[in-house]
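S.K.: First, the structure itself, so that you have it in front of you.
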Amino acid sequence: MLLLVMGNNILKNQVFEDDRVFEIEGDWLHFQCSHGCHNERYSWAELAHVMAQEQIDGKVPLELIPKCSKCGSPMIPNMAAGSHFIPKIKIQENYKKFLQENHEKNIVILELGIGWKNQLIKAPFMELVAKEPNATYITINLGEIYILDNIKDKSFGINGSLDKVLHDIRKCIELIN
Ligand SMILES: [Zn+2]
């Protein structure tokens, strides 16, 4: 079983179905109420174009910031910062179910482009590798390889740019086959 960990959600909708993507850091392509008064998340793709056109010296005019339809508070990007973050509950449940169903099975956690400072993403996956007896952790990043001592025996760190490393891995697989 492969658990793919990436730091950038730009390509997610083009590569993976939305209900198969668990975004620990949130989803900046959606807005939520800044006070978290209700659990709805709203796409702001169309508004983003208007904001980009109307910005002045890199700042968006305040009147373009949408207000919450329930409480009137400003809307903010759906990012995991502060106590009002609204996660995708269904996706969280899917992730927990995935972990339960694959407990003690062979799991590869492939982490692409996550810097060592990003413990919001790295820490839970390294913890998972430590707990799961048959898990393997592979981290690929340019200049920043960080692996906890307690999982070093079941980990691989590859220092390099993703485009080159992934290309080289593909070449190796082709040679084997
Ligand atoms: Zn609200």
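S.K.: Taking +1 at the Cβ of each Lys and Arg and -1 at the Cβ of each Asp and Glu, which of Asn134, Ile91, Gln119 sits farthest along the dipole of region 73-174 towards its positive end, judged by Cα position relative to the Cα centre?
M.R.: Positive-end residue among those listed: Ile91.
S.K.: A further question on this structure: Given Cβ point charges of +1 (Lys, Arg) and -1 (Asp, Glu) and nothing else, what value in debye, to the nearest 20, does the dipole of the chain about its Cα centre take?
M.R.: It comes to approximately 240 debye.
S.K.: Quick one: angle between helix 162-176 and the longest Cα principal axis of the chain, in degrees between 0 and 90, rounded to 10, please.
M.R.: Approximately 40 degrees, to the nearest 10.
S.K.: In addition: Under 14 Å from the Cβ of Met51, count the other residues' Cβ atoms, weight Lys and Arg +1, Asp and Glu -1, and hand me the total.
M.R.: -3
S.K.: Take the chain, connect every pair of alpha-carbon atoms lying under 10 Å apart with a spring to form a Gaussian network, then pick out the residue of Ala80, Ala123, Ala52 with the largest mean-square fluctuation.
M.R.: Most flexible of the set in this elastic network: Ala52.
S.K.: Same structure again: Using a simple spin-label model with points 7 Å from Cα along the Cα→Cβ vector, what separation in nm is obtained for Asp153 and Val15?
M.R.: 3.2 nm
S.K.: Looking at the chain as a GNM with Cα springs under 10 Å, which of Gly36, Gly143, Gly157 has the largest mean-square fluctuation?
M.R.: So, out of Gly36, Gly143, Gly157, the one fluctuating most is Gly143.
S.K.: Quick check on the exposure proxy: order Ser34, Ser43 from fewest to most C-beta atoms within 10 angstrom.
M.R.: Ordered by Cβ neighbours within 10 Å, fewest first: Ser43, Ser34.
S.K.: In the structure displayed, which of Lys67/Lys122; Lys122/Lys154; Lys96/Lys122; Lys117/Lys152; Lys131/Lys171; Lys131/Lys154 lie more than 23 Å apart, Cα to Cα?
M.R.: Where the Cα-Cα span goes over 23 Å, the pairs concerned are Lys67/Lys122; Lys131/Lys171.
S.K.: Sort the chain into rounded, prolate or oblate with this rule: let a ≥ b ≥ c be the square roots of the eigenvalues of the Cα gyration tensor; rounded if a/c is under 1.5, and if a/c is not under 1.5, prolate when a/b is larger than b/c, oblate otherwise.
M.R.: Here the chain falls in the prolate category.
S.K.: Per DSSP helix of 4 or more residues, -39500 (n - 2.57); summed, then divided by the residues of the chain. What does that give at 222 nm, rounded to the nearest 500?
M.R.: -9500 deg cm²/dmol
S.K.: Show which aspartates and glutamates lie in cross-link reach of Lys70 when reach means a straight Cα distance below 18 angstrom and same-chain residues fewer than eight apart are skipped.
M.R.: Partners found: Glu40.
S.K.: A further question follows. Once you order the gyration tensor axes a ≥ b ≥ c over the Cα atoms, which shape class does region 87-158 get: rounded for a/c under 1.5, otherwise prolate or oblate by comparing a/b with b/c? Before the final figure, lay out each step's value.
M.R.: Numbers: a/c = 2.25, a/b = 1.33, b/c = 1.69.
The shape class here is oblate.
Values quoted throughout were computed directly from the atomic coordinates according to the rules given, and no laboratory measurement underlies them. Note that the structure is a prediction, hence the values are computed from the model and not measured. Note: ideal-geometry Cβ built from the backbone for every residue, glycine included; neighbour counts use all protein chains shown.
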